[in-house]
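Input: a single structure, listed below in structure tokens.
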Amino acid sequence: MLDKPEIATQRLFFREAVTRAVREEMTLDRHVMVMGQDVGAFGGSYREFDGLYKLFGPARVRDTPVAEGASIGIAAGVAAAGYRPIISITYMDFLMLGFDALINYAAKLRYKTAGRLNAPMVVKTTAGAQGQGVAHSQCIESWLMSVPGLKIVAPSTPADAYGLMKSALREDGPVVYIDHKRLFPTPGEVSLAEEFVPFGKACIRRDGTDVTLVTHGYMTRVVMQAAQSLEGEGISCEVIDLRTLSPLDIATVAGSVSRTGRLVTVEEGQSTCGVGTEVACQTFERIGPRPWKRLGALRAPVSSNPVLEAACIPDAARVMAMARAVLDL
């Protein structure tokens, strides 16, 4: 049997993978443009648009005022007019200011016009806690999952940051692309060839037999750390990275839980009406109830105090405790 050829890769930081995807799509399609605070000469708040202003100029890489609601509204109008804008919202918390334009206009445009108009825009926003306090640390992706017409992705690796952004920029409707502050400086291998990560396809990051751990975004790294430690205790964890929150890949989750018999969902946001609750509900609708535990942030605002922030957000130790608890059910 012939060995499969090795795939040539380059090692990139997460933020560099985002830049590469956007640069490639802007080169291929003159309708792709970038908008947002500090995206121009500065290169983005996390330098995820570094170099694009120099390559494509101010007509296609446009700085906006500190006015998220107006910026998302402009992006929606630009998208309806035939362009493919990326609108960068530095903190996910401030995405709320643009909900009217995003939810009542962009997400519903195809429905309201019987398919004659679409809003092919990408709202790239950064979630998660990193010492910035109550109004700059939230993870509200579960709010968005209930909106018909929105697609939501949350990469955890540079390869997925690249592939999901490529896919998002080819979509015909609005996509919310959620990255995490703590992921930007993380490195990983990204294929040198053009690759797309399909929406609605989760990734099994680790095979296991005793319990299924389902998560997304930065929490994938936390869960993988926990799974590795639990292996030393003789507990075998299967880790699923959702990657896409809408649409959800429930088939992969249900298949895993059918094999392991137990489920733990982990998210950095609130577990009340959260991503994990929806995952569990849809999974059990398919395969019947199984032992399940959910883990999210404590029922409190995320403090800028590092001790209190750490106390609020799930860590590997709490994931391990939850996995042990579900095995006792």
Please check: in the Gaussian network model of the chain (C-alpha springs, under 10 Å), which one of Tyr218, Tyr111, Tyr83 has the largest mean-square fluctuation.
Tyr111
I'm spelling it out carefully: the read-out is P(r) over Cα pairs in 20 Å bins from 0, in percent, the candidates are [x] 30, 61, 9; [y] 30, 50, 14, 4, 1, 0; [z] 32, 57, 11, and one was derived from this structure. Which label?
[z]
Row for region 171-329, column shape: gyration tensor on C-alpha, a ≥ b ≥ c, rounded if a/c < 1.5 i.e. under 1.5, prolate if a/b over b/c, else oblate; value rounded
Among Ala280, Ala325, Gly232 - extreme Cα towards positive end, dipole of the chain, charges at beta-carbon
Ala280
Relative contact order (%) - criterion: Cα under 8 Å, at least six apart; region: the chain
16
Residue-averaged [θ]222 nm for the chain, counting only DSSP H segments that reach four residues, each worth -39500 (n - 2.57):
-9500 deg cm²/dmol
Under the 7 Å Cα-to-Cβ spin-label approximation, Ala41 and Ala251 lie apart by a distance in nanometres of 5.1
Region 175-238: GluC sites (Glu not before Pro) falling in loop per DSSP and having at most 16 other Cβ within 10 Å
Glu194, Glu195, Glu233
Among Leu28, Tyr46, Gly57, the residue whose Cα sits farthest towards the positive end of the charge dipole of region 18-57 (+1 at Cβ of Lys and Arg, -1 at Cβ of Asp and Glu, taken about the Cα centre) is Gly57
Region 41-116: relative contact order from alpha carbon pairs under 8 Å, six or more residues apart, as a whole percent, is 24
Connecting C-alpha atoms closer than 10 Å in a GNM of the chain, tell me which of Leu213, Leu183, Leu192 has the biggest fluctuation.
Leu192
Quantify how much of the Cα-Cα distance distribution of region 281-329 extends past 16 Å, in percent.
55
Positive-end extreme of charge dipole, the chain - chosen from Trp143, Met219, Gly98 (charges on Cβ):
Gly98
Cα-centre dipole for region 242-329 with unit charges at Cβ (Lys and Arg positive, Asp and Glu negative), debye to 20:
320
Cα gyration tensor, region 207-299 - rounded (a/c under 1.5), prolate or oblate:
oblate
Rg/Rh for region 22-121: what does it come to with C-alpha atoms and Rh from Kirkwood?
0.98
Spatially proximal lysines relative to Lys151 (Cα-Cα < 22 Å; intrachain offsets below 8 disregarded):
Lys108, Lys112, Lys124, Lys166, Lys181, Lys201
Honestly region 110-191 on the Cα gyration tensor test (a ≥ b ≥ c root eigenvalues; a/c under 1.5 rounded, otherwise a/b vs b/c for prolate or oblate) is just oblate
Length released on extending from Gln225 to Leu117, taking residue separation times 0.36 nm less the Cα-Cα span:
34.4 nm
Can you compute the label reach from Arg182? Point 7 Å from Cα along the Cβ direction, backbone N cut-off under 16 Å, restricted to region 272-303.
295-298, 302-303
Between Ala311 and Asp172, how many nm apart are label points set 7 Å from Cα along the C-beta direction?
5.2
Answer in debye to the nearest 20: the dipole magnitude of the chain about its Cα centre, from +1 Lys/Arg and -1 Asp/Glu charges placed on Cβ, is 560
Suppose each label sits 7 Å from its Cα in the direction of the beta carbon; what would the Arg259-Ile204 distance come out to in nanometres?
0.2
Explain nothing, just the number: dipole magnitude of region 192-275 about its Cα centre with +1 on each Lys and Arg Cβ and -1 on each Asp and Glu Cβ, in debye rounded to the nearest 20.
120
Counting only backbone N atoms under 12 Å from a point 7 Å out along Cα-to-Cβ of Ala325, the residues of region 225-265 in range are 264-265
The chain: most fluctuating residue of Gly82, Gly217, Gly200 per GNM, C-alpha cutoff 10 Å
Gly82
Find the centroid of the Cα atoms in region 58-115 and in region 198-236, then give the distance between the two in whole Å.
34
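Readers should treat all values here as calculations from the given coordinates under stated rules, not as data from a laboratory. Everything numeric in this text was worked out from a predicted model, so none of it was measured. In this analysis, Cβ positions are derived from the backbone assuming ideal geometry, glycine residues included, and neighbour counts consider all displayed protein chains.
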